[in-house]
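Only one structure is covered here, and it is reproduced in the block below.
The values are calculated or read from the model by the stated rules, or taken from the named source; none is laboratory data. Remember, it's a predicted structure, so these values are computed and weren't measured experimentally. No Cβ is skipped: glycine too gets one built from the backbone with ideal geometry, and neighbour counts run over all protein chains shown. Side chains are part of the model used for accessible areas, which takes the heavy atoms of the whole protein and leaves out ligands, DNA and RNA. Shrake-Rupley method; radii C 1.70, N 1.55, O 1.52, S 1.80 Å.
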Amino acid sequence: MKYNVVVIGGGPAGLGAAVEAKKNGSKKVLIIERDRELGGILNQCIHNGFGLHVFKEELTGPEYAGKFIDMVKNENIDYMLNTMVLNISKDKTIEALGEDGLINIQADAVILAMGCRERTRGAIDIPGYRPAGVYTAGAAQRFSNMDGYM
């Protein structure tokens, strides 16, 4: 597989980068996303406040992501879901693990747009134990806003 631009991350930055790469002359663009859907953290943000600068209207996170996803589809940009990047070599060969197994992709350019993740208590070196039933804000948003748990 050979692409002009490979974007790693299908959240807001990755979607926007892929669309701009395509609009600016990259013929073959690919987005690689480890989650089951495009949109990243926006899918969890069901509150209003997105889209005022870009689309001149107030949108929820999923609505805002949806507009970028539509742009990706309108530009015929390829994307892979449920795919984890394992390695990027100096010659821009990307090794990824997807639903069909190990994939090697050659890119002219690679854009890293993997977003942010909340760090665990251990990662920020706070002593003590995490009590059972206490979740990070991101995990709580995903459970309630996406998975429908109370």
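For Phe68, neighbours were defined as the other residues whose beta-carbon sits under 12 Å from its Cβ, and their charges (Lys and Arg +1, Asp and Glu -1) total -2. To the nearest ten degrees, helix 12-23 and the longest principal axis of the Cα atoms of the chain are 10 degrees apart.
Over the chain, the alpha carbon radius of gyration divided by the compact-protein estimate 2.2 N^0.38 Å works out to 1.16. Compute the angle between helix 61-74 and the longest alpha-carbon principal axis of the chain, please, reported from 0 to 90 degrees and rounded to the nearest 10. Here the helix axis deviates by roughly 10 degrees.
A 1.4 Å probe run over the chain, with the rest of the protein chains in place, finds 62 Å² accessible per residue. With 30 Å as the limit, the listed pairs Lys27/Lys90; Lys28/Lys67; Lys22/Lys56; Lys56/Lys92 have Lys56/Lys92 beyond it between alpha carbons.
Among Lys27, Lys92, Lys56, the residue with the largest mean-square fluctuation in a Gaussian network model of the chain, with springs joining Cα atoms closer than 10 Å, is Lys56.
One equal scatterer on each Cα of segment 45-98, no solvent, Debye formula: the resulting log10 I(q)/I(0) at q = 0.16, 0.24, 0.25 Å⁻¹ is -0.69, -0.88, -0.91.
What ranking of Tyr135, Tyr79 comes out by heavy-atom accessible area, probe 1.4 Å, highest first?
Tyr135, Tyr79
Calculate the tail of P(r) for segment 1-63: the fraction of all Cα-Cα distances greater than 14 Å, expressed in %. Summing the P(r) tail past 14 Å for segment 1-63 gives 60 percent.
Mean separation of Cα pairs under 8 Å and 6 or more residues apart, divided by the residue count, gives segment 42-113 a relative contact order of 17 percent.
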